[in-house]
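*Asks:* Structure below; questions to follow.
Read-outs: derived from the displayed coordinates by stated rules, not from any lab. None of these values were measured; they are calculated from a predicted model. For neighbour counting, all protein chains shown are included, and Cβ atoms are generated from backbone atoms with ideal geometry for every residue, glycine included.
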Number of protein chains: 2
Amino acid sequence: MARKQKQIRPKARLPKGLRDISASEIRSLNRMLDVIRRQFEIYGFEPLETPAFEYTDALGKFLPDQDRPNEGVFSFEDEDNQWLSLRYDLTAPLARYVAEHYDVLPKPFRRYQTGPVWRNEKPGPGRFRQFTQFDADTVGTTNIAADAELCMLAADCLEALGIPRGNYVIRVNNRKILDGILESIGVDPHDTDHVGKRLTILRAIDKLDRLEIKGVELLLGKGRKDESGDFTKGAGLEPDQISTIIQYSQTSYFADTPKLRIQAAAEGELPSEPMAGGKIFSAWSKTFSVWKKLVSSSEIGIQGIAELEKMAVLFTASNFGPGRISFDASVVRGLDYYTGPVFEAELTHEIEDEDGGPVRFGSVGGGGRYDGLVERFKGIEVPATGFSIGVSRLHAALQHLGEFEKGGSEGPVIVLVMDRERLTDYQKMARDLRASGIRAEMYVGTSGMRAQMKYADKRRAPCVIIQGEDELARGEVTIKDLVEGNRLSAEITDNKEWREGRPAQFSVGEGEIVEAVQKVIARQADSNVSNQEIL
Amino acid sequence: MARKQKQIRPKARLPKGLRDISASEIRSLNRMLDVIRRQFEIYGFEPLETPAFEYTDALGKFLPDQDRPNEGVFSFEDEDNQWLSLRYDLTAPLARYVAEHYDVLPKPFRRYQTGPVWRNEKPGPGRFRQFTQFDADTVGTTNIAADAELCMLAADCLEALGIPRGNYVIRVNNRKILDGILESIGVDPHDTDHVGKRLTILRAIDKLDRLEIKGVELLLGKGRKDESGDFTKGAGLEPDQISTIIQYSQTSYFADTPKLRIQAAAEGELPSEPMAGGKIFSAWSKTFSVWKKLVSSSEIGIQGIAELEKMAVLFTASNFGPGRISFDASVVRGLDYYTGPVFEAELTHEIEDEDGGPVRFGSVGGGGRYDGLVERFKGIEVPATGFSIGVSRLHAALQHLGEFEKGGSEGPVIVLVMDRERLTDYQKMARDLRASGIRAEMYVGTSGMRAQMKYADKRRAPCVIIQGEDELARGEVTIKDLVEGNRLSAEITDNKEWREGRPAQFSVGEGEIVEAVQKVIARQADSNVSNQEIL
C-alpha cells in the first residue's frame, strides 16, 4: 500500500489563496513600487529589511481580528523546537527591531519597508494569504507633526502615481475623540470592564458604510440579526447614548462629487481662520466645533481634538486642504492597538460592484499612532506612528485607471535557427543586438520554423531575425516586424493577398541588423501598440 | 503560575540564522540586483514570481543533503490541515509552475526569478536560514546551446558587476562523463544497486579542494577517518578504479595565476583548431582528449564529451576562451538531480581565511541540466537547464572588492526645529527642498538643538538647515555642512579655535536655500567622502 502511494504523482497546483505573478505584472508593479519608494525616500525615510519570520513570542498577536487571537498566523517549529511565525504585517517586526537596537538608533527612527506578509486565513476574491505591504513609520516621538507628515506623504504618493486630485481623499480621525465621547456618555474607556464594550462600539462604527445608520444603531444597542439569521450581540447602550455616537460618526467634511472635490482642492479659495496657533481651513473648523460639543468636558476628548487641530494647521500651511484631506469620524481602523490619530487613504472614483452598481474603489492604505508595540519588550512606552499601503489593492486600482500599463512589445528579439549547423552565426547576431542594449536571444529550442514563429509571438517579440540559405547567399537577413505583421494580417482577409504582400517584412545587410531593429522598436514604441493587444 | 508567566516580557531578538538588512546595504544590494536583472533581461529571460510556500508534496525534496531527506525544510499546516513548506530554492517552484501551465507556456520557457529561500538548518558563519537567490532557467529543450548561453550569461554578469576578467572563472563539467568513466571501470551508474556508490564517488570528488588527492583516494576506497576521529565509509573501489577517477578529476585547463589568466583571456592569441563542427580553443581540446581515453567506449561518456564540445564551439565563436571558461572535472555540484552539463562560477581573487592564509573567494553560483523535476508531475521528461546566483555571497565578494559602495551622505537634509511655534515655517523649507528632488525632513522629534544635531549626524545628513530668532530677523537661514564640519573638527584640536571658526557653516537668504543645499550636496559627491567614514 505504501509502495503504491509512492507512485502517485503529486498534482502541480498552487496552494489556495496564493498566486504567481507573471512578467508584465511584475514590471508594472515594480514601476509602481519605484514611484512609492522615491516618495518615501524624499520624505526622509530609510529602507529596512527584516526576515520573513520571527520567534512567535516576539511577533505577538496584533491581527485585526481579535476574536481569534490564536489563529490567522502561519507558525512552525525549527530544529531546536523553537516556535516561529511568518510575519503577518511589517509593524510587529519593526517593534522587535526597535526594541532590540533601541540605544543605537537615531531617535526618532524613521524607516520604510516593503515586502510580503502572510495570513493563515480563508482566502476570498481579492483576498490572498500572501500579499505585499509598503510601510513608513516614525518611532520615538509624540510630535503630532510626524502624523501630519504621513498624511501628506500618502497624498503625494497617490498623485505621483497619477491619481488626479479629487479622485482620492486622506480621511483622518483620532481614537481619543471617540474615547472622549464614550466618557461623556458615561462609558469609561479605560475601565477594564468596558474594554469589550469599547471594541464593539468601534466595530459598529467601522460598519457604517455597509450597514448604514439603522444597522449600526442596532449594533450599538441590543444587537442585530443579519440576513442569514445570525445574531451579533450589541454594545447594550441606551438610546440617548446611541444618538450621541451616531451624531459623532456622521460628522465630516467631504465634498460629495468629484467636481466639488476638485473645487475644494483649489484650497486657496476657501476661507480660513486662525486657530490653535495657525490658520486652518474653515470646513475643518466646523467639524471640530461639532466634536467639541460632543466630547463636552472629557479631557481625553479635548486633547484628541487639539491634536487634530495641530495637524490641520500643518496641512493648511502646506496647502493640503479639504479637497485632499477630510477629518472624518467614520474612520476607525480595525486594529485595537491604535492610540491616537488614525488615517485612511481612499480612492473615490467609482467602479462597478458585483451587481454592476457603482461603488467607490475604497481604501488602499491606512495607519495611525500606536504606543504599545515596543513597550511589550522594553517596559517603557515608545510612541510611534505609521502608514501602510496595500500594494496589490493599489496596483489593482491603478490598472483599473489604466496607469502603469505599457504599450509596445516587452519581449526580446528572437533570432531564428534556420540551419542547426550555423548556431554560431545566429548566436553572434543575438550577441551583437545585446551589445547595443537590445533584449535578444537565439532560439534555443529544437523545433522548426513554424514553431519558432509561434514562439516569438508568445514571447511578445518585437521582431524576428531570419537568415536562411537565400539570405546567406545574398549576405542579408530578413527582419519581420511582428507587431506590424499581426496588425496587417488582422486587416488582410485574403490568404493569397497575405502571402504575396508579406507584410512588415524586409531585408537588410548583415552589418545593418542592429540599426534596423532599433528602428522597428522605436516605431512600435511610438505607435504604442503591443503585440498582445492585437493577438 | 500561568498568570505570572503572562507578565514576563518577550525578549526582542532575531531568530538565529536570520538577519536584518539596514539602509546602506539595501541600497548597495539593490544596485547589484539591478545590474544582474539587466543582464538576465537582455539575454531574453522574463521575470516570474512565485509565492514563498507551496504544498509540501508539490515542492518535493531536492535539498543538497540527501542524507536527511526529511529535514532542512520549514513546514507547517494551514487551516485546512494541508501541509505547506517554505521554498528551499527557486527551482522546485519553477517545476510546479511549468507543470501547472505546461500547455500555454512558450517552449522553451525562459524565466528568471529572484527572492528569498529558506533552509531549516543549523546556521553557521555566513550560513543563514534565509538567503536570496537569483536564477535563470530554460525549460523544455535538449539544445545544448541553452547551457552554453547560461555560462556566458554568468561571465557577462560578473563583468557587468565590475569583476575584472582574470578574477573569475566559469567551470564546466558534464555528469555524463563521470557516468561514462564509472561504466568504463565496471560500475554501472544506472544499476539501482550502484546509486549509493555513485553518490559517494560524486561527493568524494566534490571534496578535492578540501581533502586533496590523498583524502579523496581514501573516500573512494575503504573510507576515511577525519581529524575528530569520525569515520566516513568509502565507495569501496579497487586501486586501479580509484586511479582512473583521480586521473579524471585532475584534468582541466586553468591558468595558475591571475596574470596567466588575463593572458589567456586575451583569447584571440590562443591557437584554435576545427572540431565538432567548429573551432575550439586548443587548451580545451587537450582536456577533451584525456577524457576520451578515460571514458573509453562508454556511450554515455562519449555523448557527454560531445555535448561539451558543442558548448566549446559556441564559446569559441563568441570569443569566450579559457581565460573565462574552464572545462574542469572537479566540478561536481552537490544536487543529485543534475543529468548533464554542470557549471559553477568561481571568484579567483584571494582573501584571507580564518587563519590569515590566502584562499580563493570561491563559488558565487552554479547550475546545470536537469530532466526529472517536471517529470514528477507530468510523467513526461521535460529537459531543462538553469543557473543560480548566491546573492549574499556575491554581494560579500563585491563589498570585499570595494564595488557598489557609494561615497557621500545618503541621509536626508534635516531642517532643525529651533522654535516649536514655527513648525509650519520649517515644514515649508522641507517641502521646498523635496519639490526640488532633495531628500529632506523637518525634525519631528521633541528634543533640543544638541540632540537634533546628533540626530542629523546619525542619519548621515549632508547638512542641516537652522533658523533661530537671529536668522529669522535677518530673513536668513544657516546651513551647516556636516561632512565638511566633521572633517574640519577632526583636524582642529583646540576647542576655542573650533568655536570661533564655526567651520563649514554659512548663511543664505530664505529664498536661496534650495540652491545652496544643491551646491553642498554636489561638493560632497565630488569629494566622495561619506559622513560615516569620518565619524
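*Asks:* Charges on Cβ only, +1 for Lys and Arg, -1 for Asp and Glu, centred on the Cα centroid of the protein assembly as shown; of A:Ser228, A:Thr114, A:Leu14, which one is farthest towards the dipole's positive end?
*Replies:* The one lying farthest along the dipole's positive direction is A:Ser228.
*Asks:* Nearest 5 percent is fine: what portion of the DSSP beta bridges confined to chain B is antiparallel?
*Replies:* 85
*Asks:* Excluding residues on the same chain fewer than 8 positions from B:Lys292, give the aspartates and glutamates whose Cα lies under 16 Å from its Cα.
*Replies:* Of all the aspartates and glutamates, those that pass the test against B:Lys292 - Cα under 16 Å, at least 8 places apart if same chain - are B:Asp179, B:Glu183, B:Glu307, B:Glu309, B:Asp328.
*Asks:* Going by how many other beta carbons lie within 10 Å of each one, how would you line up B:Asp57, A:Asp137, fewest first?
*Replies:* B:Asp57, A:Asp137
*Asks:* Mind checking which of A:Val517, A:Gln247, A:Asn319 is farthest towards the positive end of chain A's charge dipole, using Cβ charges of +1 (Lys, Arg) and -1 (Asp, Glu) about the Cα centre?
*Replies:* A:Val517
*Asks:* Which value at 222 nm does chain B reach when only helices count, each DSSP H run of 4 or more adding -39,500 (n - 2.57), with the total divided by all residues and rounded to the nearest 500 deg cm²/dmol?
*Replies:* Helix contribution divided over all residues of chain B: -12500 deg cm²/dmol.
*Asks:* Let me ask something else. Pop out the Kirkwood hydrodynamic radius of chain A from its pairwise C-alpha distances, inverse of mean 1/r, in Å to one decimal.
*Replies:* 27.3
*Asks:* Residue farthest toward the positive end of the dipole of the protein assembly as shown, with Cβ of Lys/Arg at +1 and Asp/Glu at -1: which of B:Ser489, B:Ala329, B:Gln399?
*Replies:* B:Ala329
*Asks:* Hey, with R₀ at 56 Å, roughly what FRET efficiency would B:Ser296 and B:Asp103 work out to, going by the Cβ-Cβ distance, to 0.05?
*Replies:* Computed FRET efficiency for B:Ser296 and B:Asp103: 0.85.
*Asks:* Please report, in debye to the nearest 20, how large the charge dipole of chain A is about its Cα centre when each Lys and Arg carries +1 at its beta carbon and each Asp and Glu carries -1 there.
*Replies:* In debye, rounded to 20, chain A gives about 1120.
*Asks:* Mark the label point 7 Å from the Cα of A:Arg13 along Cα→Cβ and return the residues of segment B:37-55 whose backbone N is within less than 18 Å of it.
*Replies:* Within reach of a label on A:Arg13, which here means backbone N under 18 Å from a point 7 Å along Cα→Cβ, segment B:37-55 contributes B:51, B:53-55.
*Asks:* If you rank B:Leu202, B:Leu482 by fewest surrounding Cβ atoms within 10 Å, what's the result?
*Replies:* Ordered from fewest to most neighbouring Cβ atoms within 10 Å, B:Leu202, B:Leu482 come out as B:Leu202, B:Leu482.
*Asks:* Looking at segment B:139-243, which GluC sites (Glu not before Pro) are in a loop (DSSP not H, G, I, E or B) and have at most 11 other Cβ atoms within 10 Å?
*Replies:* Of the GluC sites (Glu not before Pro), the ones in loops of segment B:139-243 whose Cβ has at most 11 other Cβ atoms within 10 Å are B:Glu227.
*Asks:* Would you pull out the residues with amide H under 5 Å of A:Arg360's amide H, same chain only if 5 or more places away, H placed 1.01 Å from N?
*Replies:* Residues meeting the amide H criterion: A:Ile351.
*Asks:* When we measure straight from the Cα of A:Lys225, which lysines land under 23 angstrom away, once same-chain ones fewer than 8 places off are left out?
*Replies:* A:Lys197, A:Lys207, A:Lys214, A:Lys233
*Asks:* Report the charge-dipole magnitude of the protein assembly as shown in Debye, nearest 20, computed about the Cα centre from +1 at each Lys and Arg Cβ and -1 at each Asp and Glu Cβ.
*Replies:* It works out to roughly 1200 debye.
*Asks:* Let me ask something else about it. Could you give me D for the protein assembly as shown, from Stokes-Einstein at 37 °C and 0.692 mPa s, where the hydrodynamic radius is the Kirkwood radius over C-alpha pairs? Units µm² s⁻¹, please.
*Replies:* This corresponds to a translational diffusion coefficient of 100 µm²/s.
*Asks:* Let me make sure I get this right: for segment A:308-463, a, b and c are the square roots of the gyration tensor eigenvalues over alpha carbons, sorted descending. Under 1.5 in a/c it's rounded, otherwise prolate if a/b > b/c, else oblate. Which is it?
*Replies:* The shape class here is prolate.
*Asks:* Hey, which residue of A has the C-beta nearest the axis mapping A onto B, and what's the distance in Å?
*Replies:* A:Phe76, 2
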